[in-house]
Amino acid sequence: MGFSAADIKKLTFKVQAGNVIDADTLFYWYQSNLANNPTIKSGRIIDQTDFDIITNLSNQPDTFNNQTTGGGVGSTSLLYLTQPGNALANVVKNEWGTSTGASPGDTPIANRFATRLQQVIPSSDKTWVAYNQYGNPTSGRKDMWIGPASVPRADGSKNVYYKIELWNGDPTQAGSTKIDETQSQGSGSSPTAAWVWNYDQGLLLTSQSLMSFVGSNPDFYVRCWRYDGATGGGGGGGAQGPQGEQGPQGEQGTQGNQGTQGEQGVQGEQGTQGNQGDLGAQGNQGTQGEQGAQGNQGDLGTQGNQGSQGNQGTQGEQGTQGNQGDLGTQGNQGSQGNQGESGKEGPQGEQGTQGNQGTQGNQGIQGEQGAQGEQGEQGAQGNQGTQGNQGEVGKEGPQGEQGTQGNQGTQGNQGTQGEQGTQG
C-alpha cells in the first residue's frame, strides 16, 4: 500500500499552506525542518548573496531573549543582529519591535511592532492576509517573511528563533493574547494543526476550532522578521565553474625577538594604619607583702598619784589568747573625771577571749590617784612568751565613781613585750 489518503492530505497541506515539505505524518507544519523551494518568477527572486548572509552560521540568533547587546553563544538575539552596523542590518527587517526580553513578556509593550491582518473575503474568517497598508489591498502584500526551516542550523534543524508570533488583539495594548502554535490542534491517529502561517506569501489560514477558541470578532496581528535584501532576477549567467584546488600552506615565519622588560614602577604610598586592637585583659594583682615589725613603744607619760586600792581578789587562770585581728582606728578619748575612791574589788573570774584591738587614741592626763601602799621592788622583766587565748572575764565588783580623766598622750609604736616578772 502506498501513501494513504490521510498522508497525501497532510503532505499537500504542509507544502501548499506552510511552504515546508516532509512525509512524516507525525510532524505538524511548524515542526518541519525543510523549506519547500519550488522555482519562482524572476520578480520574486531573492538575492542569493544576501540570503547567504542570513543562513551563515556565524550570523544566526541563538536566543529568544531579544536584547540590544551581543555576546557569546546563547546570548545573541535578532534584535541585536539587525541593529545598524551589525551582521543582518541590511538583509533582515525587524517587524518584531525594540522591546527587550522573551515574548510574551518583552517590555515595554509600546515598543512592540505588529502587522495587522485583514480577511481576504469579508464573509469568510478562514483566510487572512498582510498588506503593506492595512485596509488597502493596492498597497501590495507584505510577504517574504523568513521561515525557520529556510535558515538551517549546523545540525540541519530549523532556526526556531525566526518563528512567527500570532496575536489576537494589538500587542502594543494591554489585553491582547499571544496564540501558541499548538492551540486547538487536533489529536488522534491523524492530527492536524488549527492554524498555518505561510511565510512566503504572508497568509494566515485558520480552522474552525481556532475560530471557536478566539470567539467572535477576532483581530489578528503577527510579529516576526522579513527578508530585506536585494530582489529581482538578472540575465541568465553561465554555470559556476568548479573551485580550484587549495594551494599549499606557506611556511610559518620566524618569531620576533622578545622586547626588553620595562623598568619597575615606583612603589605606591603606604596604606593607612589599621585600627588599634582591643586592650588586653588586666593581669592578676600581686600577692601582698609581709607586714613589717611593730615599732618601739613610746615613753609612758607621768602617772598621777593613785588612790587607795581595795583588796584584790584572786586572779583566775589566763586562757589561751586567740589570734590578733587587724587594728581598727580608735577615736579620741574624752576627758576623764576625777576618780573617786575605789571600792573593794571582788575576786576576778577567768579572763575571756580577747577581741580584736583597735588603734589606740591619744591618752589624756590621768587624774590624781589615791595614796598607794608601799610596793615591793619589781623584779626584772623577762621576755614575754606567746600569749595564749584569754579566758572569760570573771564578775567585776562594784566600782566607785570615776573622776574626770585628762587627755591621753600620743602613744608611740609598741615594742615587743618581754615576759612578765613575779609580782612583789
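Candidates Thr231, Thr172: the one that is touching an Asp or Glu at 6+ places or on another chain (Cβ under 7 Å) and touching a residue at least 40 places away in the same chain (Cβ under 8 Å) is Thr231.
For the stretch 98-136, residues that are part of a strand (DSSP E or B) and hydrophobic (A, V, I, L, M, F, W, C) total 2.
Okay, residues lined up against (1) in a loop (DSSP other than H, G, I, E, B); (2) under 52 Å from the mean Cα position of the chain (by Cα); (3) surrounded by fewer than 18 Cβ atoms within 10 Å (Cβ to Cβ); (4) on the phi < 0 side of the Ramachandran plot:
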| residue | (1), (2), (3), (4) |
| --- | --- |
| Gly186 | yes, yes, yes, yes |
| Ser189 | yes, no, yes, yes |
| Val196 | no, yes, no, yes |
| Asp200 | yes, no, no, yes |
| Met211 | no, no, yes, yes |
| Trp225 | no, yes, no, yes |
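All conditions in (1) assigned to a loop (DSSP other than H, G, I, E, B); (2) at pLDDT below 75; (3) acidic (Asp, Glu) hold for Asp7, with the sole exception of (1). Inside the stretch 171-193, can you point out the residues that are modelled with pLDDT of 90 or more and out of contact with any strand residue (DSSP E or B) (no Cβ under 6 Å at 6 or more places or on another chain)? Hits for the stretch 171-193 are Gln173, Ala174, Gly175, Asp180, Glu181, Thr182, Gln183. Within the stretch 86-114, the set of residues being more than 37 Å from the chain's Cα centre (by Cα) and more than 22 Å from Ile46 (Cα to Cα) comprises Gly97, Arg112, Phe113, Ala114. Any residue at all in the stretch 84-91 that's in contact with a strand residue (DSSP E or B) (Cβ under 8 Å, 6 or more places away or on another chain) and at pLDDT below 95? The answer is no; no qualifying residue exists. Checked across the stretch 70-80, the condition of being part of a helix (DSSP H, G or I), in contact (Cβ under 8 Å) with a residue 60 or more places away in the chain and in contact with a helix residue (DSSP H, G or I) (Cβ under 7 Å, 6 or more places away or on another chain) holds for at least one residue.
Candidates Asn59, Asn86: the one that is over 19 Å from Trp195 (Cα atoms) and touching a residue at least 24 places away in the same chain (Cβ under 8 Å) is Asn59. Suppose the filter is modelled with pLDDT under 85, among the small types (Gly, Ala, Ser) and under 30 Å from Ser207 (Cα atoms); does Ala102 pass it? It is false that Ala102 is modelled with pLDDT under 85, among the small types (Gly, Ala, Ser) and under 30 Å from Ser207 (Cα atoms).
The C-beta contact set for the stretch 120-141 (first residue touching a residue at least 12 places away in the same chain (Cβ under 8 Å), second residue among the charged types (D, E, K, R), distance under 7 angstrom, 6+ apart or interchain) comprises Val129/Arg141; Ala130/Arg141; Ala130/Lys142; Tyr131/Arg141; Tyr131/Lys142; Tyr134/Arg116.
For the stretch 17-61, filtering for residues that are at pLDDT below 90, of a type outside the set (A, V, I, L, M, F, W, C) and in a loop (DSSP other than H, G, I, E, B) leaves 12. The set of residues in the stretch 141-168 being crowded, with 17+ Cβ neighbours inside 10 Å and part of a loop (DSSP other than H, G, I, E, B) consists of Lys142, Asp143, Met144, Ile146, Gly147, Val151, Asn159, Lys163, Ile164. Does Ile121 qualify as being more than 15 Å from Pro61 (Cβ to Cβ) and β-branched (Val, Ile, Thr)? Taking the combined requirement at face value, the residue satisfies it. Whether a residue is over 22 Å from Arg44 (Cβ atoms) and over 44 Å from the mean Cα position of the chain (by Cα) was assessed, and Ser123 passes this test. Hey, can you tell me all the residues within the stretch 82-98 that are over 23 Å from Tyr131 (Cα atoms) and surrounded by 20 or more Cβ atoms within 10 Å (Cβ to Cβ)? Matches in the stretch 82-98: Leu88 only.
The values are calculated or read from the model by the stated rules, or taken from the named source; none is laboratory data. In this text, all values refer to a predicted model and were calculated from it rather than measured experimentally. Note that each Cβ is placed from the backbone with ideal geometry, even for glycine, and that neighbours are counted across all protein chains shown.
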